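Data first, discussion second: the structure below is written as structure tokens.
Since every read-out is calculated from the coordinates, none of them should be taken as a lab result. Because the structure is a prediction, the values reported are computed rather than measured. Neighbour counts run over all protein chains shown; Cβ positions are idealised from the backbone, glycine included.
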């Protein structure tokens, strides 16, 4: 009887031992896949736009590119101290109401994220790059969230080689606000052909499509000029 009991105990011990061995790789694998995400929570990536003034949603994207909501006249001294030489406005109202400095170039390119296309993005990207050659640039819309967020994300992707996911993470998570209204902006970004946009920017084309209205106007103008 004792031998039977001892044998059963040995069998039980062996089963427990082998079960533990089988479970070990699973627990190690779970730990390897789940633990890296924890340290990232609450940590702001160093390459995200840096907050400067929450009143106007002002952030520094790069040393020569800033983003904000619609400034007021009282905000100009701060922007002037940053060296802003060009202001690019995506809002429908002109900047003339608050910006009276004749030395600052004003570019107004009204946008609607629910119907933005490659032609709009190419025009804005080209305007930003050309303006940066003259000094720091401020881009803004009314709230500094949706339209400005889309353009900032595309700038990151096209000129700074960020992935779409990296740019979208900054757009939604860096504290700009308006996350619940970014659906149209996100749809455009996810569907954008980045290679085609870069090719158009490098070639001087106004769109990624040969049938875009701006392309047809250029072709017609060239045809008339050569006739």
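Take each peptide in 139-151, 168-180, count the other Cβ atoms within 10 Å of every residue, and average; sorted highest first, the result is 139-151, 168-180.
Within the range 50-203, DSSP assigns beta bridges of which about 35% are antiparallel (rounded to the nearest 5). Take the Cα pairs of the range 50-203, get the Kirkwood Rh, then feed it into Stokes-Einstein at 4 °C and 1.567 mPa s and tell me D in µm²/s. The estimated diffusion coefficient comes to 84 µm²/s. Judged by the mean number of other Cβ atoms found within 10 Å, the most tightly packed of the peptides 82-90, 60-68 leads the ranking 82-90, 60-68.
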